[in-house]
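Structure first, commentary second.
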Amino acid sequence: MSKLRVAVLGARGRIGSEAVRAVEAADDMELVAALGRGDELETLTESGAQVVVELTTPASVMDNLDFCVRHGIHAVVGTTGWTDERLAQLNTWLADSPETGVLIAPNFSIGAVLTMRFAEQAARYFESVEVVELHHPNKADAPSGTATRTAQLIAEARRKAGCAPQPDATTTALAGARGADVDGVPVHAIRLRGLLAHQEVLLGGEGETLTIRHDSLHHSSFMPGILLGARRVATTPGLTFGLEHFLDLN
Ligand SMILES: NC(=O)C1=CN([C@@H]2O[C@H](COP(=O)(O)OP(=O)(O)OC[C@H]3O[C@@H](n4cnc5c(N)ncnc54)[C@H](OP(=O)(O)O)[C@@H]3O)[C@@H](O)[C@H]2O)C=CC1
Ligand SMILES: O=C(O)C1=N[C@H](C(=O)O)C[C@H](O)C1
């Protein structure tokens with residue numbers, strides 16, 4: 001059986017360099033290109049890449065995906081910075097290339113995907129819910145893509161269940177003291193040397209609290225998800241948002 005031809009964009013970055021090693025180590029894949037900033041995207045077509053793993057920056061990801069989709073190259077995307085406008089633009093490109101698949105995964109680690117699922121399930125049973133994400137201080141953005149997605153899923157679950165708005169009588173003396181408001185869910189971002197990628201979802205009801213915590217201790221935690229995405233994306237045309245769609249979580 002022929003090997004899947006995979007390229008990595010952002011190959012010299014923290015997660016990109018780990019992805020290069022993971023693809024090289026996968027028996028069913030061949031690493032055909034490993035590109036960093038300034039390298040020519042044409043290398044992707046010249047090398048016959050079937051799937052690109054995109055791990056760059058929010059400033060670069062759209063141009064890279066525009067190129068990939070125009071050339072019918074499937075993409076597995078870990079880069080953050082997704083807004084409704086960006087997703088709409090990507091869907092427009094995909095409409096012109098209906099056989100191309102793009103997976104955007106706010107988080108590739110199984111523990112983080114499960115955290116999101118558990119938070120979504122628990123959200124309706126508690127009056128209060130807040131998200132705290134904790135990352136290394138070199139992280140480009142805040143709040144994290146995972147925290148934003150977690151808050152959106154929580155908010156959606158609460159809306160569907162008809163939950164009342166969260167109780168909060170605080171008068172905020174200093175802007176930011178209550179974190180960022182994502183769909184009505186407070187999200188707090190901590191940047192601390194020594195950390196990698198961590199998240200807590202805190203839920204509170206009368207006389208009890210529930211904390212769901214996940215810790216990525218090494219970039220290796222993201223690799224099984226990236227490899228799974230690369231294997232599945234070529235047979236999943238269009239946009240898939242979230243690795244959970246490639247997992248059997250039920
Ligand atoms: N979904 C997930 O599970 C995960 C997602 N991430 C996300 O992945 C992204 C990268 O994170 P991280 O590795 O920590 O960041 P880094 O800054 O370490 O890596 C990004 C790399 O991309 C390079 N780059 C920038 N623009 C381009 C371009 N146009 N073409 C090719 N390479 C480019 C950068 O080069 P230069 O240094 O020269 O700018 C850098 O080497 C972030 O958005 C992060 O949030 C991270 C971990 C897990
Ligand atoms: O930049 C990181 O490191 C990470 N980014 C992703 C995010 O913003 O959610 C995933 C993980 O948290 C690591």
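Values quoted throughout were computed directly from the atomic coordinates according to the rules given, and no laboratory measurement underlies them. These numbers come from a predicted model, not from an experiment. For neighbour counting, all protein chains shown are included, and Cβ atoms are generated from backbone atoms with ideal geometry for every residue, glycine included.
If only the Cβ of Lys and Arg carry +1 and only the Cβ of Asp and Glu carry -1, the dipole of segment 154-229 around its Cα centre is close to 220 debye.
Can you tell me what share of the DSSP beta bridges in the chain is antiparallel? A percent to the nearest 5 is fine.
Roughly 45 percent of the DSSP beta bridges within the chain come out antiparallel.
Here's how it looks for residue 34: its modeled amide H is under 5 Å from those of 8, which are all 5 or more places away or on a different chain. When you count the other C-beta atoms within 10 angstrom of each residue and take the mean per peptide, 106-112, 135-141 line up highest first as 106-112, 135-141. Can you give the calculated 222 nm mean residue ellipticity of the chain, where each DSSP H run of n ≥ 4 adds -39,500 (n - 2.57) and the sum is split over every residue, rounded to the nearest 500 deg cm²/dmol? Counting only the DSSP helices, I get -9500 deg cm²/dmol. Computed from the Cβ-Cβ distance with R0 of 51 Å, the FRET efficiency linking residue 127 to residue 42 stands at 0.40.
Top mean-square fluctuation among 181, 66, 27, Gaussian network model of the chain, C-alpha springs under 10 Å? Fluctuation is largest for 27. For segment 146-217, GluC sites (Glu not before Pro) meeting the loop criterion (DSSP other than H, G, I, E, B) and having at most 16 other Cβ atoms within 10 Å: 206. For segment 1-119, a simple Cβ point-charge model (Lys and Arg +1, Asp and Glu -1, everything else neutral) yields a dipole of about 400 debye relative to the Cα centre. Taking Cα atoms only, the orientation of helix 61-70 departs from the longest principal axis of the chain by about 50 degrees.
What is the ratio of the Cα radius of gyration of the chain to 2.2 N^0.38 Å, with N the residue count, to two decimals? Provide the component values of the computation, followed by the final result.
Numbers: Rg = 19.0 Å, N = 250, 2.2 N^0.38 = 17.9 Å.
Normalised Rg, Cα atoms only: 1.06.
Dipole size of the chain about its Cα centre, with +1 on Lys/Arg Cβ and -1 on Asp/Glu Cβ: approximately 320 debye, rounded to the nearest 20.
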